[in-house]
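Below is one structure, written out as structure tokens, with a few remarks after it.
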Amino acid sequence: MLEGKNLHKSFGNNEVLKGVDFKVDKGEVIAVIGSSGSGKTTMLRCISFLEKADKGEIVFDEFQKDITRVDKREIRKLRMKMGFVFQSYNLFRNKTALENVMIGLTVARKMNRKKAEQIAKEALEKVGMGNRSNYYPDQLSGGQQQRVAIARAMATNPEVILFDEPTSALDPELTGEVLDVMKKLAAEGTTMVVVTHEMDFAQEVANRVVFMENGVIVEEGEAKEFFRSPKEESTRRFLRRVLKDYDYSI
């Protein structure tokens, strides 16, 4: 469904992506893991055109093109198929939860306000924020703000939702409420790519896990097999660092 081929991206002299091939099929939940600076977020941002890749191809259903030559009209069309959830929420501080969810419908999709409001209310209910629809971001906890951000991504009915470390800005006690919403989406068959440090989520919810290091994908595979029997030494070394009970001998 969605695929990035041979993605390259540098910031100055720092080559962050070094020829990454990435694919997600409809209905899949993919967890992208790795140390900070491994290129996870940059890959996600290049696929969604929040960053311009230096080289590579983008495939989305029948669309296939050099990612550097996609024009503004095509980018807009592709983005209409994607939802993006940022680690820092990216809510408009001067708008209520309801207005934050509606804005992608009324502005980007030119939907009439009455229909947009109905869809936004349904999305907020789905993430457990229906009773906070008239609250402003500053009146909400971090977990509540992130649930509003997820509702905003859901409201446009995208073909895939991209999550960039959605719980990294949250206190541990607030992380669970966001992960519960994501687990519910996964159970409903939502196609999701999740850059995450939450190994429990990766093990329990993801269909596939992708491990990145130094700008390349080192290893990927079915989630249970990935954690049970990683093939690469660098993967095993990473898992030993992040999983307390991980005792696979290198």
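The values are calculated or read from the model by the stated rules, or taken from the named source; none is laboratory data. The shown structure was predicted, so the numbers you read here are calculated from the model rather than taken from an experiment. For neighbour counting, all protein chains shown are included, and Cβ atoms are generated from backbone atoms with ideal geometry for every residue, glycine included. Accessible surface is based on the protein model in full, side chains and every heavy atom, while ligands, DNA and RNA are left aside. Shrake-Rupley method; radii C 1.70, N 1.55, O 1.52, S 1.80 Å.
Being within 15 Å of residue 148 (Cα to Cα) and open to solvent by 20 Å² or more (accessible area, probe 1.4 Å) is the filter here; which residues of the range 105-117 pass it?
Matches in the range 105-117: 117 only.
Between a first residue in the range 95-109 that is touching a residue at least 60 places away in the same chain (Cβ under 8 Å) and a second residue that is open to solvent by less than 10 Å² (accessible area, probe 1.4 Å) and small (Gly, Ala, Ser), which pairs have beta carbons less than 6 Å apart while being 6 or more apart in sequence or on different chains?
Matching pairs, first to second residue: none at all.
Which condition breaks for residue 242 when tested against (1) modelled with pLDDT under 95; (2) crowded, with 20+ Cβ neighbours inside 10 Å; (3) of a type in the set (Val, Ile, Thr)?
The failed condition is (2).
Return the pairs, sorted by first residue and then second, in which the second residue is small (Gly, Ala, Ser), the first residue lies in the range 162-177 and is open to solvent by less than 10 Å² (accessible area, probe 1.4 Å), the beta carbons are less than 6 Å apart, and the residues are 6+ apart or on different chains.
As it stands, the answer is 162/48, since those pairs meet every condition given.
Where in the range 126-211 are the helices (runs of 4 or more DSSP H), entirely inside, with at least 3 residues that are more than 23 Å from residue 45 (Cβ to Cβ)?
172-187, 199-204
Quick check on residue 223: is it of a type in the set (Gly, Ala, Ser) and either open to solvent by less than 10 Å² (accessible area, probe 1.4 Å) or within 30 Å of residue 15 (Cβ to Cβ) (or both)?
yes
Which strands (runs of 3 or more DSSP E) does the range 1-100 wholly contain that include 2 or more residues that are open to solvent by 30 Å² or more (accessible area, probe 1.4 Å)?
Passing ranges, in order: 2-11, 14-24, 55-60, 63-66.
What number of residues within the range 226-239 are open to solvent by 70 Å² or more (accessible area, probe 1.4 Å) and in contact (Cβ under 8 Å) with a residue 12 or more places away in the chain?
Within the range 226-239, residues that are open to solvent by 70 Å² or more (accessible area, probe 1.4 Å) and in contact (Cβ under 8 Å) with a residue 12 or more places away in the chain number 4.
Taking the range 1-34 on its own, how many of its residues are closer than 16 Å to residue 214 by Cβ and in contact with a strand residue (DSSP E or B) (Cβ under 7 Å, 6 or more places away or on another chain)?
Residues meeting the conditions: 14.
Which one of 159, 173 is among the acidic types (Asp, Glu) and at pLDDT below 95?
Among 159, 173, only 173 is among the acidic types (Asp, Glu) and at pLDDT below 95.
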